[in-house]
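Worksheet for the structure shown next.
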Amino acid sequence: MSQHLNAAPIAPHPGRLATSAAYLAFAGALGVTLLATSEPAQRLWYLGLYGASLALFVLVFERPTLPRALQRGCMAVQSGLALAILARNPQMGVALALLPLLAYQAALVFHGAERWLWAGWLALLAVVPLMVWLGALTGLARGLLPACGAILLAAYIAVREETETARAVSARLLVELHAKSQELQAHVAQVAEVAALEERNRLARELHDSVSQTIFSITLEARAAQLLLAQRDPAQVRPHLERLQALTQQALAQMRNLISQRRSP
């Protein structure tokens, strides 16, 4: 039981809807950024930064079996790219939308304390740079919402992971309980078979100890009466017939007693 309770966490897989929403969020942030930028050189910079960030996001998002070191490296580079996009124009906070997406990705990839370290880091990245560039109050006001979004997404994934892990543990326990139930039923059948065999042996012993001896005596009395009849001595036959009748009644009583014991619960 303790092995099941300490089972490895099962990471929830993002569905098509979540995946489509993440990519649409990237596309929306890029579109807003390009529309708010009039200089072609700036647009090229944004296209390059967003493109590199999206490529790394897709790599980690679509291939969760990547080596852990490579996943950490991709996350670090994506954090730097988001910061670079934000640094080019801190007043345009649309780049902050990338940070909750990265927190969502980190929550899917990492577990335990590392998940919360990445979520906390991305939340700080949404607030601290803006507080430096725009002032404490303005930066805090603009960065607080995406920071909270990063924490909430990580918490959502953590709850889903715990739920799926508990469901998997419950499924395994049900399978084991079913197997134990079948083993118990087989054991009960074996016990019943052994009990029936012991009961038959007991009846056989009682038959041998009581009824069979009485029937043997009946056989002897019947043989004695037969010999006396052959010798034409009827006076000597009567006692044998009386004993024969008594033995027969005794055998019948013994058989009835055994049958009543057999039928009793």
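For this structure, a couple of remarks:
- Residue 179 being of a type in the set (A, V, I, L, M, F, W, C), free of Cβ contacts under 8 Å to residues at least 12 places away in the same chain and assigned to a helix (DSSP H, G or I): yes
- Of note, residue 258 satisfies the criterion of being part of a helix (DSSP H, G or I), at pLDDT below 70, of a type in the set (A, V, I, L, M, F, W, C) and assigned by TED's automatic domain parsing to the domain that holds residue 196.
- Of all the residues in the range 147-188, those that are surrounded by 13 or more Cβ atoms within 10 Å (Cβ to Cβ), out of contact with any helix residue (DSSP H, G or I) (no Cβ under 8 Å at 6 or more places or on another chain) and either outside the structural domain of residue 124 (by TED's automatic domain parsing) or among the β-branched types (Val, Ile, Thr) (or both) number 1.
- Residues that are in a helix (DSSP H, G or I) and surrounded by fewer than 18 Cβ atoms within 10 Å (Cβ to Cβ), drawn from the range 62-73: 62, 68, 69, 70, 72, 73
- Among the candidates 37, 33, the residue that is within 18 Å of residue 85 (Cα to Cα), in the same structural domain as residue 83 (by TED's automatic domain parsing), of a type in the set (Val, Ile, Thr) and in a helix (DSSP H, G or I) is uniquely 33.
The values are calculated or read from the model by the stated rules, or taken from the named source; none is laboratory data. Since this is a predicted model, take the numbers as computed values, not measurements. Positions of Cβ are backbone-derived with ideal geometry, glycine not excepted, and every protein chain shown enters the neighbour counts.
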